[in-house]
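Right, one structure below, let's go through it.
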Amino acid sequence: MPTISLFCAVSILGLAYVLAEFRGAPSTRIMLALTVAILSLGSAAFQSRIRQASTLLPGSLLSILAIFAAYSTSNFSQQPWSHRYDLLLWLLGIALTLLQFRYQDWSPGLSISRRIIFPIALLGFSLAGINTIRQTPAPPIDVFLFQQAAAQALANGMNPYEAIIPDIYGPGNPGYNPMVENGYTTYGTPYAPIVAIVSLPVYQITGDIRYMHMFELLASACLLVLMQESWVSLGAALLLLFNPFSLPLLESAWMEPLTILTFCAAVFTASRWPRATPYLFGLFLATKQTNFALLPFCVFLLEKNWTWKSLATIYVKALAVAIATYLPFIYWNPHAFIQSMIYVQLNHPLRLDLVSYIAYAVRRGLPAPPMWIPFLTLPIGLYLGLRNAPRTPQGLAYATALLLTPFFAFSKQGSLNYYYFVLGILCCAVAQTNGKPDITSHQ
């Protein structure tokens with residue numbers, strides 16, 4: 001529905017501000033932007049009362065793209081991730097697409113924009129991504145070390161959950177303690193097995209798993225464009241690539257591009273190849289531990305005249321795929337797997353240097369609330385999503401964002417990559433608006 005997409009677009013803008021402006025502490029302005037994003041998602045539940053606002057969607061996407069371009073231009077001389085001259089390449093793609101939005105009577109039209117201008121944007125992002133990776137061959141962040149070590153372990157026939165990871169931050173860092181001994185972590189990679197499996201071929205060819213993340217972002221953008229033959233889907237794809245955090249995310253090697261790609265693939269096939277959708281949704285579940293909370297949303301992948309049998313079939317297929325990616329590694333070393341995948345998540349300390357309401361409150365002298373607080377948001381998100389979201393693939397994307405955004409915002413680990421994941425899911429929701437299914441995707 002167009003109005004849901006309008007509110008999703010507002011949330012994208014709020015999350016992009018959080019991602020672009022965060023400087024190591026959750027400021028009041030950042031928390032206000034996060035609150036706006038959450039309230040906008042909640043407001044979409046009442047979209048039936050404000051349908052007249054749907055006409056604002058194309059203009060809203062245009063405005064957000066312009067804001068992203070203006071932000072990047074204003075920081076041209078202060079880019080902390082060495083992207084300065086790359087900016088010119090992909091701003092060209094944005095500028096050309098903006099012309100298509102503004103001067104549709106004069107422009108060559110949507111077809112040429114999708115076949116010529118969008119590939120230019122992809123090329124620009126690819127060049128910027130390659131330069132980003134080459135400029136920072138060894139980023140000083142544990143996320144990169146975890147994934148490199150996991151891919152290297154698999155390449156050598158070793159268990160990635162037994163990989164030896166050095167503590168690069170030193171004593172007293174808020175991320176590892178108390179899970180460090182003698183300068184090394186007491187666990188291996190904390191990511192799902194599929195992350196290492198997918199990255200292995202690229203690691204063996206290039207020696208750097210981030211090239212796989214770049215491909216995943218590009219593939220996600222292509223799927224967004226192909227979801228609908230419309231200006232809105234084109235704008236959604238550009239919002240995913242050309243927001244202020246895409247290149248920093250790529251540089252730091254956060255694994256969210258894989259999660260976004262598998263989600264987009266499940267949504268894309270829902271109206272074109274429904275038989276493949278449960279398996280792709282299962283791959284999405286397998287990419288991240290928290291994704292299993294989204295299992296009830298399988299109902300959004302069913303046709304209108306669904307039955308309990310068809311719902312159970314989707315559950316079984318999705319879970320079978322997800323579990324199949326886990327079982328070999330559980331059997332390989334159960335203790336190492338549980339230590340890395342479950343114990344680490346349960347024992348992470350409260351991070352005051354990330355974006356969450358809890359961190360914001362504690363930094364201002366308030367007592368730390370119980371760590372189970374974020375789990376209270378899950379049943380509320382499930383109820384609102386199942387009750388108010390349309391029974392469509394777009395409803396799946398919207399309900400997913402509605403469930404996860406408050407959960408991350410109240411968690412003790414409100415990392416920026418979590419919010420980028422939500423941003424990608426929202427782009428998927430927007431891409432499902434208006435237009436008609438892309439006939440080229442069937443050819």
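The values are calculated or read from the model by the stated rules, or taken from the named source; none is laboratory data. Bear in mind the structure is a predicted one, so any value in this text is a computation, not a measurement. Using ideal geometry, Cβ is built from the backbone for each residue, glycine included, and neighbour counts are taken over all protein chains shown.
For the range 346-361, the set of residues classified as of a type outside the set (S, T, N, Q) and surrounded by fewer than 22 Cβ atoms within 10 Å (Cβ to Cβ) consists of LEU346, HIS348, PRO349, LEU350, ARG351, LEU352, ASP353, TYR357, TYR360, ALA361, listed by residue number.
Taking the range 79-159 as the region of interest, the helices (runs of 4 or more DSSP H) fully inside it that hold 1 or more residues being buried (at least 18 other Cβ atoms within 10 Å of the Cβ), among the aliphatic types (A, V, I, L, M) and modelled with pLDDT of 90 or more are 118-135, 142-155.
For the range 254-271, the set of residues classified as part of a helix (DSSP H, G or I) and either over 13 Å from CYS427 (Cα atoms) or in contact with a Leu (Cβ under 6 Å, 6 or more places away or on another chain) (or both) consists of GLU256, PRO257, LEU258, THR259, THR262, CYS264, ALA265, ALA266, PHE268, THR269, ALA270, listed by residue number.
Table: residues versus (1) among the polar types (S, T, N, Q); (2) under 24 Å from VAL422 (Cα atoms); (3) under 24 Å from the mean Cα position of the chain (by Cα).
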{"position": "VAL267", "(1), (2), (3)": "no, yes, yes"}
{"position": "SER271", "(1), (2), (3)": "yes, yes, yes"}
{"position": "PHE281", "(1), (2), (3)": "no, yes, yes"}
{"position": "LEU294", "(1), (2), (3)": "no, yes, yes"}
{"position": "CYS298", "(1), (2), (3)": "no, yes, yes"}
{"position": "LEU311", "(1), (2), (3)": "no, no, no"}
{"position": "TYR315", "(1), (2), (3)": "no, yes, yes"}
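Collect the residues in the range 265-317 that are buried (at least 17 other Cβ atoms within 10 Å of the Cβ) and basic (Lys, Arg), keeping them in residue-number order. Within the range 265-317, LYS288, LYS317 qualify.
Restricting attention to the range 19-29, the residues that are more than 19 Å from the chain's Cα centre (by Cα) and either surrounded by 13 or more Cβ atoms within 10 Å (Cβ to Cβ) or part of a loop (DSSP other than H, G, I, E, B) (or both) add up to 5. Is it the case that some residue within the range 235-249 is of a type in the set (A, V, I, L, M, F, W, C), closer than 19 Å to ALA9 by Cα and either in contact with a strand residue (DSSP E or B) (Cβ under 7 Å, 6 or more places away or on another chain) or surrounded by fewer than 23 Cβ atoms within 10 Å (Cβ to Cβ) (or both)? Yes, the range 235-249 contains a residue that is of a type in the set (A, V, I, L, M, F, W, C), closer than 19 Å to ALA9 by Cα and either in contact with a strand residue (DSSP E or B) (Cβ under 7 Å, 6 or more places away or on another chain) or surrounded by fewer than 23 Cβ atoms within 10 Å (Cβ to Cβ) (or both). The residue that is nearest to LEU261 (Cα to Cα), among those in the range 276-315 that are part of a loop (DSSP other than H, G, I, E, B) and of a type in the set (Ser, Thr, Tyr), is THR287. Scanning the range 368-390 for residues that are loosely packed, with under 11 Cβ neighbours inside 10 Å and either at pLDDT below 85 or among the polar types (S, T, N, Q) (or both) yields a total of 2. In the set (1) of a type in the set (Gly, Ala, Ser); (2) modelled with pLDDT under 90; (3) in contact with a Lys or Arg (Cβ under 8 Å, 6 or more places away or on another chain), SER271 fails one condition alone, (3).
Filtered by the rule that a residue be in a loop (DSSP other than H, G, I, E, B) and modelled with pLDDT of 70 or more, the range 172-185 gives MET179, ASN182, GLY183.
Of all residues in the range 330-345, exactly one satisfies the criterion of being within 18 Å of GLY414 (Cβ to Cβ) and crowded, with 16+ Cβ neighbours inside 10 Å, namely VAL344.
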